[in-house]
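**Q** One structure coming up, written as structure tokens, with questions to follow.
The values are calculated or read from the model by the stated rules, or taken from the named source; none is laboratory data. As the structure is a computational prediction, the values presented were derived from the model and not from experiment. Virtual Cβ from ideal backbone geometry, glycine too; neighbours counted across all protein chains shown.
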Amino acid sequence: MKVKDTAGLALRLFIQKAATAGIVIMMLSMGQTFLSGALIPVTHSTGVMAVVSRLLPMTYCVDFMRGMFYEGQSSAPTLHPPLVNLAIIITFTAVFLIAGTVAFVRAGKNR
């Protein structure tokens, strides 16, 4: 399941119109793509952009792939080694899976 599909399912709990949800998902995806370092490495980010980029799970996925690509090079433009990024990704996945399950069950009970 793609990130966009998962975001779509989550937003459908709060947004009733499919067209509105599609627009919101596209805006969030574009912002996350920019802030995650997929276009520009976040290793040199400062201030608010550095804080926001480190809160996004996609940052660690991009950094993981960049770390795998530059593995063995001392000047790799990554935030963390690949294993640290993998641990962070697994942690994000577990937290959001549990939170999503709880929200889905609560939404089902309230209907």
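**Q** Pull out all pairs, ordered by first then second residue, where Cβ-Cβ is under 7 Å, the residues are six or more apart or on different chains, the first lies in the range 43-57 and is in contact (Cβ under 8 Å) with a residue 24 or more places away in the chain, and the second is in a helix (DSSP H, G or I) and surrounded by 10 or more Cβ atoms within 10 Å (Cβ to Cβ).
**A** Sorted first by the residue in the range 43-57, then by its partner, the pairs are LEU56/GLN32; LEU56/LEU35; PRO57/ILE89; PRO57/PHE92.
**Q** Tell me, please, whether a residue that is surrounded by 12 or more Cβ atoms within 10 Å (Cβ to Cβ) and assigned to a helix (DSSP H, G or I) can be found in the range 70-77. Spell out how you get there, then give the answer.
**A** Here is the first cut: in the range 70-77, the residues surrounded by 12 or more Cβ atoms within 10 Å (Cβ to Cβ) are 70, 76-77.
Those left that are additionally assigned to a helix (DSSP H, G or I): none.
Checked against the condition, which is being surrounded by 12 or more Cβ atoms within 10 Å (Cβ to Cβ) and assigned to a helix (DSSP H, G or I), the range 70-77 yields no hits at all.
**Q** Quick one: which helices (runs of 4 or more DSSP H) lie wholly within the range 11-69 and hold at least 1 residues that are in contact with a Leu (Cβ under 8 Å, 6 or more places away or on another chain) and at pLDDT below 85?
**A** 18-35
**Q** Could you tell me which residue of the range 39-68 is farthest from ALA94 (Cα to Cα), considering only residues that are surrounded by fewer than 17 Cβ atoms within 10 Å (Cβ to Cβ) and small (Gly, Ala, Ser)?
**A** Residue satisfying both the conditions and the ranking: GLY47.
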